[in-house]
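What follows draws every value from the coordinates through simple rules; no lab data is involved. Note that the coordinates shown come from a computational prediction; the quantities given were computed from them, not determined experimentally. Neighbour counts are summed over all protein chains in view; Cβ atoms, including those assigned to glycine, are modelled from backbone coordinates with ideal geometry.
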Amino acid sequence: MKSVLVTGGAGFVGSHLAMGLRRHRADVRVVAFDNLKRRGSELNLSRLRGAGVEFLHGDIRSPEDLEAVGPVDLVLECSAEPSVLAGYSGSPAYVIHTNLTGTVNCLEFARRREAAMIFLSTSRVYPTKTINALACREEATRFALSDKQMSPGASARGISEEFPLIGARSMYGTTKLCSEFLIQEYQEMYDLRAVVNRCSIITGPWQMGKVDQGVVVLWVARHLYGGKLDYIGYGGQGKQVRDMMHIEDVLELILYQMDHLEGLNGETFNVGGGLEVSASLLELTAMCQEVTGNQIPIGGVPEDRPADIRLYLTDYSHVNRVTGWRPKKTAPQILEEIVNWIRANYEELRPILG
């Protein structure tokens, strides 16, 4: 590959992958494409330039903006409105146009250039009610999946690609799943080479965490800058669980997929930290207290939020079998890196994370 377009290239995931591609593939032209809507993305522009990544200010909702990129061999589709709560308090127009119309524009761009695509989807494509109906038990610090499950694709290890897709899942999850279906049609109709990665929580340094997206960084930042947090939903005890993975682990998988696109064409992978790299909010609080040495007030809101889930773990067995990939960074290692990053850029990050 001679040229790669990274959409959402100034965001947390896109910028890290763009710089990582330049670091590991020095002979490849990498273009980061972003509309800079998310606060904090502007901080990545100097980092991208320093890494030798070209930056193009544009919006994937505009086909004309994409045309300015020029020829590419691969579209690494990282752009998204990533909030699960998007659309609940008003119009869903932005999340639909960004996550769905934007994908159509990227697919057309790739088709015309005969480029391949690696698509970063989400674990939120799986239906909310079906996940919440899974058999689980309540332990001292977390909810845990039971060994025996009625739903296919579910086990104590987590959720695999065979998990049912029928049901509601949030506008965010729906737009990403619709994008996956469109990619399948482009593969069949136009011989588009593509791989889909359904990612769980991705985190690490340079993520601008907010209440509705980037919970790990948000939790660490509040413990460093001060402020209040809440355990929201499921009794307000903080026992809801997510798995997480470091952005460097994602980069390792993307590099492998770039080098093996022909053999992986058409694959869909569940990608995440799994049970080994998971934490409840209660456990996350304890880790933050240990790594920062600080304690902050944390309240409890018993009522569930729309589209929220009690427990999600990634069963990454399929991607491990096919590629050998597995997450390497542990949860304590991830938190320590985030703490060191915030402390090293404390005043610069204060307006965003403080």
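General remarks:
- Fewest-first sequence of Leu74, Leu5, Leu192 by Cβ atoms within 10 Å of each Cβ: Leu192, Leu74, Leu5
- Qualifying trypsin sites (Lys or Arg not before Pro) for region 219-265 [loop in DSSP, other Cβ within 10 Å: at most 12]: Lys228
- Degrees separating the helix 12-24 axis from the principal Cα axis of the chain, which is the longest one: 60
- If R0 is taken as 35 Å, the Cβ-Cβ distance between Ala168 and Asn320 corresponds to a FRET efficiency of 0.70.
- For region 104-137, backbone nitrogen atoms closer than 16 Å to the point 7 Å from Glu283 Cα along Cα-to-C-beta are found at 136-137.
- On Cα atoms only, tilt of 102-113 relative to the major axis of the chain in degrees: 30
- Cβ crowding within 10 Å ranks Phe269, Phe12 as Phe269, Phe12, fewest other Cβ atoms first.
- 5 angstrom amide H check on Glu267, placed H, neighbours 5+ away: Val196
- Once the C-beta distance of Gln295 and Arg137 is scaled by a Förster radius of 22 Å, the resulting FRET efficiency is 0.15 to the nearest 0.05.
- Exposure proxy for His260, His223: other Cβ atoms within 10 Å of each Cβ, ordered fewest to most, give His260, His223.
- Alpha-carbon Rg with Dmax, taken over the chain, Å: 19.5, 56
- Gain on full extension, evaluated as 0.36 nm per residue between Glu42 and Asp212 minus their Cα-Cα distance, stands at 59.2 nm.
- Projected-area average for region 240-288 over all orientations - Cα convex hull basis, square nanometres: 4.3
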